[in-house]
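Since the structure comes first, as structure tokens, the remarks are kept for the end.
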Amino acid sequence: PSRTMSDKSPAVAAVRRLLNHKLRVKVVDGRVFYGYLNCFDKRGNIVLVNATECRAPGGCGDSDAGEASGSEAGGGAEA
């Protein structure tokens, strides 16, 4: 079943506050992406713009980015 939330839910409001902010997104296969949150949908998919992928074992060390993870983004991000 699809996880959907009302546009007025606290979770949706929290994600909306992250729009246009730089995030670090870790997907379930271990990859890490840094980019600016451009949009999201009700299923948890996201679009990052100006994104880069980091495969360094210790991380890329981008301390300016907030951290996000989810169950649907980028081929399956972890929740």
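The values are calculated or read from the model by the stated rules, or taken from the named source; none is laboratory data. Nothing here was measured: the structure is a model prediction, and the numbers come from that model. Cβ placement follows ideal geometry from the backbone for every residue including glycine, while neighbour counts extend to all protein chains displayed. Accessible surface areas use protein heavy atoms only, side chains included; no ligands, DNA or RNA. Shrake-Rupley method; radii C 1.70, N 1.55, O 1.52, S 1.80 Å.
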**OP:** Specify the residue that is farthest from Cys60 (Cα to Cα); the eligible residues are those in region 33-48 that are modelled with pLDDT of 95 or more and aliphatic (A, V, I, L, M).
**Re:** Val47
Subject >> Members of region 42-56 found to be open to solvent by 70 Å² or more (accessible area, probe 1.4 Å) and closer than 16 Å to Val12 by Cβ, listed by number >> reply: Lys42, Arg43
Subject >> Unmet requirement for Gly70, which otherwise passes all of (1) modelled with pLDDT of 90 or more; (2) surrounded by 11 or more Cβ atoms within 10 Å (Cβ to Cβ) >> reply: (1)
Original post:
Looking at Arg3, is it surrounded by 10 or more Cβ atoms within 10 Å (Cβ to Cβ), touching a Lys or Arg at 6+ places or on another chain (Cβ under 8 Å) and either modelled with pLDDT under 95 or among the charged types (D, E, K, R) (or both)?
Top reply: yes
Original post:
Which residue, of Lys22, Lys8, is open to solvent by 40 Å² or more (accessible area, probe 1.4 Å) and modelled with pLDDT under 95?
Top reply: Lys8
